[in-house]
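Reading through the structure tokens given below for one structure.
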Amino acid sequence: SSTKLLIKGGTVVNAHEMEVADVYVEDGIIVAVRPNIKVGDDVTVLDATGKYVMPGGIDPHTHLAFEFMDSETIDDFFSGQAAALAGGTTMHIDFVIPVNGSLLSGLEAYEKKSKKSCMDYGFHMAITKWDEVVSKEMEIIVNEKGINSFKFFMAYKGSLMINDELLLQGFKKCKSLGALAMVHAENGDAAYEGQRRMIELGITGPEGHALSRPPVVEGEATARAIKLASFMNTPLYVVHVMSIDAMEEISKARKSGQKVIGEPVVSGLVLNDSGLWDPDFITAAKYVMSPPIRAAGHGKALQAALSMGALQLVGTDHCSFNSTQKALGIDDFQKIPNGVNGIEERMHLVWDTMVESGQISVTDYVRVTSTECARIFNIYPRKGAIRAGSDADIIILNPNSSFEISAKSHHSRSDTNVFEGWRGKGKVEVTISGGRVVWLNDELKVFPGSGKYVEMRPFSYLFNGIGKADERYLSSLKAPVKRFRATT
Ligand code: URP
Ligand code: ZN
Ligand code: ZN
Ligand code: ZN
């Protein structure tokens with residue numbers, strides 16, 4: 001069927017420019033972007049006068065239908081994506097978790113889970129063990145399955161955690177495949193020691209989670225991952241940057257010219273750890289994620305780093321558990337499933353906190369919520385741009401309208417929301433996904449199975465110059481000494 005759409009009179013925003021223009025869409029693709037487009041009466045017209053027309057958000061970091069810590073996230077690929085669309089996000093990249101160490105079995109499971117998708121999505125692959133089979137599977141994953149990034153967990157001792165030897169093998173393999181290495185940067189042994197310390201002190205509540213893995217635990221692992229990536233001369237992506245300590249390591253490395261990308265998440269940017277001290281267990285437990293939400297001051301510093309370009313794009317780490325699931329840790333914070341929401345709230349909170357406050361421009365907003373992610377994972381300009389030929393994933397944001405966040409009105413299946421009660425300026429009034437209007441007048445029209453898997457190819461711009469740098473390194477080595485065996 002033919003769907004034709006004209007978005008009239010809005011300010012069209014891309015990562016580096018904006019102009020008042022119309023956007024004409026046919027069959028899920030943007031056909032034209034220019035002023036005064038004339039169309040026939042078979043075309044649906046949306047008036048965007050006085051509003052911003054922007055690429056739909058791309059969330060680089062989510063966990064839908066994720067089996068973790070004896071629970072499965074309450075949002076699956078349908079409910080999580082419906083929530084995303086209601087908040088102006090039109091694509092996300094989720095983490096495939098291997099099954100018994102097998103990447104291909106893990107992918108098969110996620111292919112099943114994602115069949116009910118109602119928006120476009122891609123995958124990262126987690127690496128949780130190392131052997132020849134994993135190494136071979138990585139090749140298939142990159143060359144045949146459309147995945148160009150691998151996440152290594154430096155924490156979660158006893159389950160997902162890997163050691164430095166594996167990290168180095170993984171970095172090496174990523175580099176040879178032109179794939180991006182990602183790290184969950186916390187020192188898992190230190191976090192484990194921190195947990196022992198809390199239990200010895202009798203601190204078993206949610207505040208023990210934050211106290212057991214302070215910023216230094218994140219800073220150490222971030223620095224180590226960065227240095228090991230430098231040693232291997234391969235690009236590195238640090239997920240969920242939560243502390244000044246980690247951010248400063250990334251900033252320092254980038255200043256020295258190293259290819260490091262830092263991803264803050266919306267919870268880390270706008271919240272502080274005070275909720276973990278709430279006397280009500282469930283209220284406190286809903287804030288438990290790793291690395292932990294930090295003391296006030298860290299979020300503000302992360303915002304400043306984002307505005308200055310020391311951090312590059314904003315994710316969510318959406319990994320939602322409801323009250324009943326969080327209650328698994330009622331007697332012991334170590335058993336609280338780790339994770340918070342954000343997939344529906346990210347676009348609004350970044351606008352309110354960063355644009356409305358004057359910290360970043362509207363074009364930078366598009367860059368950090370959409371375009372940068374598309375560029376890094378090599379799907380730009382299909383995604384992350386309003387231009388002829390791009391997918392029609394578009395939002396209309398009204399800067400004069402306001403939003404309010406509550407578990408009572410959100411679209412996630414969770415009964416709690418870590419941003420409960422937040423009111424702010426700037427509302428996503430329309431979301432267009434693959435050329436269809438899916439969010440309008442506060443109503444969602446979504447269908448399971450309408451979302452497409454987006455394949456991501458290796459060899460993105462991040463790898464430019466890596467080969468040359470390796471050659472320079474080899475030619476800079478002092479010639480080895482020719483040694484002669486003394487004969488008598
Ligand atoms: O607490 C978190 N972040 N849960 C999701 C898993 C991860 O480490 O990203
Ligand atoms: Zn058609
Ligand atoms: Zn993580
Ligand atoms: Zn995560």
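Here, each number is a calculation from the coordinates, and none is a lab measurement. The model shown is predicted, which means the values in this text are computed figures rather than measured ones. We place every Cβ from the backbone using ideal geometry, glycine too, and count neighbours over all the protein chains shown.
If you go through the range 144-159 and keep only what is of a type outside the set (S, T, Y) and surrounded by 13 or more Cβ atoms within 10 Å (Cβ to Cβ), you end up with K145, G146, I147, N148, F150, K151, F152, F153, M154, A155, K157. All of N233, N163 fail the test of being more than 14 Å from ligand 1 (Cβ to nearest atom) and at positive phi, apart from N233.
Flag set for V13, criterion: away from ligand 4 (no atom under 16 Å from the Cβ) and within 26 Å of E356 (Cα to Cα). Scanning the range 143-178 for residues that are out of contact with any Phe, Trp or Tyr (no Cβ under 6 Å at 6 or more places or on another chain), polar (S, T, N, Q), over 21 Å from I93 (Cα atoms) and more than 16 Å from ligand 3 (Cβ to nearest atom) gives N163, S176.
Within the range 299-333, take every residue that is over 27 Å from H124 (Cα atoms) and of a type outside the set (A, V, I, L, M, F, W, C) and give me the one that is nearest to ligand 3 (Cβ to nearest atom). That would be G329.
Return yes when E207 is acidic (D, E), more than 16 Å from ligand 4 (Cβ to nearest atom) and free of Cβ contacts under 8 Å to residues at least 40 places away in the same chain and no when it is not. It is false that E207 is acidic (D, E), more than 16 Å from ligand 4 (Cβ to nearest atom) and free of Cβ contacts under 8 Å to residues at least 40 places away in the same chain. Right, A284: outside any helix (DSSP H, G or I), farther than 24 Å from L160 by Cα and among the small types (G, A, S) or not? No; evaluated as a whole, the condition is false for this residue. Of all residue pairs spaced 6 or more apart or on separate chains, those with beta-carbon atoms under 9 Å, a first member in the range 232-258 that is assigned to a strand (DSSP E or B) and a second member that is more than 16 Å from ligand 1 (Cβ to nearest atom) and of a type in the set (F, W, Y) are L236/F171. Considering F403, F463, the condition of being surrounded by 16 or more Cβ atoms within 10 Å (Cβ to Cβ) and more than 28 Å from L5 (Cβ to Cβ) is satisfied by F463 alone.
From the residues in the range 178-188 that are assigned to a loop (DSSP other than H, G, I, E, B) and either out of contact with any strand residue (DSSP E or B) (no Cβ under 7 Å at 6 or more places or on another chain) or more than 18 Å from H124 (Cα to Cα) (or both), which one is nearest to ligand 2 (Cβ to nearest atom)? My answer is G178.
For K227, indicate whether it is more than 16 Å from ligand 2 (Cβ to nearest atom) and either of a type in the set (S, T, N, Q) or within 22 Å of H63 (Cα to Cα) (or both). No, not satisfied.
Selection of first residues in the range 352-372 that are within 16 Å of A305 (Cβ to Cβ) and of second residues that are among the polar types (S, T, N, Q) and outside any helix (DSSP H, G or I), restricted to Cβ pairs under 8 Å at least 6 apart or on distinct chains, gives the following pairs, ordered by first then second residue: T353/Q359; V368/Q312; E372/Q312.
Filtering the range 309-355 to residues that are more than 16 Å from ligand 4 (Cβ to nearest atom), under 15 Å from E207 (Cα atoms) and either in contact with a strand residue (DSSP E or B) (Cβ under 9 Å, 6 or more places away or on another chain) or part of a helix (DSSP H, G or I) (or both) leaves K326, A327, G329, F333, Q334, K335.
Considering the range 9-33, the residues that are surrounded by fewer than 16 Cβ atoms within 10 Å (Cβ to Cβ) and closer than 30 Å to G309 by Cα include one that is nearest to ligand 3 (Cβ to nearest atom), namely H16. Applying the set (1) in contact with a Ser or Thr (Cβ under 6 Å, 6 or more places away or on another chain); (2) surrounded by fewer than 19 Cβ atoms within 10 Å (Cβ to Cβ); (3) within 26 Å of S176 (Cβ to Cβ) to E249 leaves exactly one unmet item: (2). On the given criteria, is Y192 surrounded by fewer than 22 Cβ atoms within 10 Å (Cβ to Cβ), hydroxyl-bearing (S, T, Y), within 16 Å of ligand 1 (Cβ to nearest atom) and touching a residue at least 12 places away in the same chain (Cβ under 8 Å)? Yes; evaluated as a whole, the condition is true for this residue.
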